[in-house]
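Following: one structure in structure tokens, then a few remarks.
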Amino acid sequence: MIRINENYTKLKASYLFSDIAKRVSAYAQANPSKPVIRLGIGDVTEPLPQVCIDALHAGTDEMSKRATFKGYGPEQGYAFLREAIAQNDYAARGCRIEADEIFVSDGSKCDCGNIQEIFATDGLRLAIPDPVYPVYVDTNVMAGRTGGVVNGRYEGITYLESTPANGYVPSVPSVPTDLIYLCFPNNPTGAVATRGQLAAWVAYARANKAIILFDSAYEAYIRDPRIPHSIYEIEGAREVAIEFRSFSKTAGFTGTRCAYTVVPKDLQAFDHAGKSHSVHALWNRRHTTKFNGVSYPVQKAAAAIFTDAGKQQVKAMTDFYLANAALIRTAMLKLGFSCVGGDNAPYIWINTGRDSWEFFDLLLNQAQVVCTPGAGFGKCGEGHVRISAFNSRENVETALSRIAAALKA
Ligand code: MLT
């Protein structure tokens, strides 16, 4: 008799954004005359930068000729892209990251979800923020690293609480842990971590022989020059951190698909006997076994953002979304809510003081605006909603006037 992985029965019935999509589509079907504006899932709306479009065309043309046609590429990504990343995202910020420490992939969601496979399933102590991008918790539940849910939380996780009291940036825990998830600029809160705060995490990981999984998918939105873009800007991080980056929110690639993960060769993890192993070698083994690389034209398009014109076009695109974020933040403050995010991140985290699914329903039913209920990101998300800045200016402005009217009614 075929049996299931019973860890899946511990999960909520559906993934947060699928659940929201179902509710929104039911509403839209029942109310065809009321157009809905989506500020829920962080999905980009603006066309790809022109340099990327040109590179996609050029890459496709190369695939059309026998002389330049390409079959399987290197699983880890073409050297031209890995070198451009190492130079522009790391060397230019003073970080020592070699091109062969970069693994190009089709998305950070997959990488953040898959990375846990190379670590132990028994006895590993997890530290995961609350609220948090649901992939970190759910993939560890699937792998059997947690118990069941007690009082709304999985047993076996040290939750790192992000609350108004700590400015939504959790401090290092008082207990030792082994695998630590951090995300800055944060999804969902939009909060950023200072150099000092990240240095405390690196010191904690070093002291505990732990590994930090640092998700910096939103680093292109940082405007405050004091805020680090990479964990590797902190001394000693090469020995304790893996970093995830994505072209999705940087260059509008949510539908094009390209991302990368950095695994420094200095990073070691241990077997049951305490013997150390190269994490880079383990991830390389996993990646080459289960992944065949991102398509050549897409990697050409990703590399194009590192040209002078590409850098300008990416800056213009992220500035555009940040201007939306500023409008949302100002409107929410004017309505009397306190909020964080939106200044170095495309998300605004609003403390509504009300049940977050009720607030979600209110915005959907009365304003036809989709947000993301904070409770979907964890217990500490209750009382909050996340509004995404990813939409056209016109839709953001319409959404804000509809929200103001709905809340005043
Ligand atoms: C979000 O809305 O949190 C993100 O778009 C989800 C993702 O990147 O998978």
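If a residue has to be surrounded by fewer than 20 Cβ atoms within 10 Å (Cβ to Cβ) and either β-branched (Val, Ile, Thr) or not in a loop (DSSP other than H, G, I, E, B) (or both) to count, how many in segment 342-354 make the cut?
Total satisfying the criteria: 1.
Any residue at all in segment 90-99 that is of a type in the set (Phe, Trp, Tyr) and open to solvent by less than 30 Å² (accessible area, probe 1.4 Å)?
Yes, segment 90-99 contains at least one residue that is of a type in the set (Phe, Trp, Tyr) and open to solvent by less than 30 Å² (accessible area, probe 1.4 Å).
Only one of (1) within 16 Å of the ligand (Cβ to nearest atom); (2) within 20 Å of residue 292 (Cβ to Cβ) is not met by residue 40, so which one is it?
Looking at each condition in turn, residue 40 falls short on (2).
What is the residue count in segment 96-132 for residues that are within 16 Å of the ligand (Cβ to nearest atom) and either aliphatic (A, V, I, L, M) or modelled with pLDDT under 95 (or both)?
3
For residues that are more than 16 Å from residue 322 (Cβ to Cβ) and not hydroxyl-bearing (Ser, Thr, Tyr), scanning just segment 185-198, find the one that is farthest from the chain's Cα centre (by Cα).
My answer is 196.
Could you grab me the full set of residues in segment 188-212 that are farther than 30 Å from residue 313 by Cβ and touching a Leu at 6+ places or on another chain (Cβ under 9 Å)?
201, 210, 211, 212 - these are the residues of segment 188-212 that are farther than 30 Å from residue 313 by Cβ and touching a Leu at 6+ places or on another chain (Cβ under 9 Å).
Cβ-Cβ distance below 6 Å, separation of 6 or more or different chains: which pairs start in segment 292-309 with a residue that is open to solvent by less than 30 Å² (accessible area, probe 1.4 Å) and end on one that is of a type in the set (Val, Ile, Thr)?
From segment 292-309, the pairs are 294/104; 297/60; 298/256; 304/51; 305/314.
Condition (residue is assigned to a helix (DSSP H, G or I) and within 16 Å of the chain's Cα centre (by Cα)) applied to segment 199-219: is it met by at least one residue?
yes
For segment 238-341, please list each of the strands (runs of 3 or more DSSP E) lying entirely inside it that holds at least 3 residues being assigned by TED's automatic domain parsing to the domain that holds residue 167, at negative phi and at pLDDT 95 or above.
The qualifying strands (runs of 3 or more DSSP E) are 241-246, 259-262, 268-270, 276-278.
Can you find a residue in segment 212-220 that is among the β-branched types (Val, Ile, Thr) and either open to solvent by 10 Å² or more (accessible area, probe 1.4 Å) or farther than 19 Å from residue 170 by Cα (or both)?
no
Mind checking which residues of segment 4-40 are within 22 Å of residue 133 (Cβ to Cβ), part of a loop (DSSP other than H, G, I, E, B) and in contact with a strand residue (DSSP E or B) (Cβ under 7 Å, 6 or more places away or on another chain)?
39, 40
Look at segment 187-198 and say how many of its residues are buried (at least 21 other Cβ atoms within 10 Å of the Cβ) and either part of a loop (DSSP other than H, G, I, E, B) or at pLDDT below 95 (or both).
Of the residues in that region, 7 qualify.
Could you tell me whether any residue of segment 256-276 is within 15 Å of the chain's Cα centre (by Cα) and open to solvent by 40 Å² or more (accessible area, probe 1.4 Å)?
Yes: segment 256-276 contains one or more residues that are within 15 Å of the chain's Cα centre (by Cα) and open to solvent by 40 Å² or more (accessible area, probe 1.4 Å).
Could you check segment 89-124 and list, in sequence order, the residues that are more than 18 Å from residue 220 (Cα to Cα), assigned to a helix (DSSP H, G or I) and either under 21 Å from the mean Cα position of the chain (by Cα) or not assigned by TED's automatic domain parsing to the domain that holds residue 233 (or both)?
101, 110, 111, 112, 113, 114, 115, 116, 117, 118
Quick check, is residue 376 under 20 Å from residue 22 (Cβ atoms), open to solvent by 10 Å² or more (accessible area, probe 1.4 Å) and not polar (S, T, N, Q)?
yes
What about residue 329, is it within 16 Å of the ligand (Cβ to nearest atom) and within 25 Å of residue 194 (Cα to Cα)?
When the stated conditions are applied, residue 329 does not pass them.
The values are calculated or read from the model by the stated rules, or taken from the named source; none is laboratory data. Treat the numbers as computed from the prediction; the structure is a model and nothing was measured. No Cβ is skipped: glycine too gets one built from the backbone with ideal geometry, and neighbour counts run over all protein chains shown. Heads up: the accessible areas ignore ligands, DNA and RNA and are worked out on the full protein's heavy atoms, side chains in. Shrake-Rupley method; radii C 1.70, N 1.55, O 1.52, S 1.80 Å.
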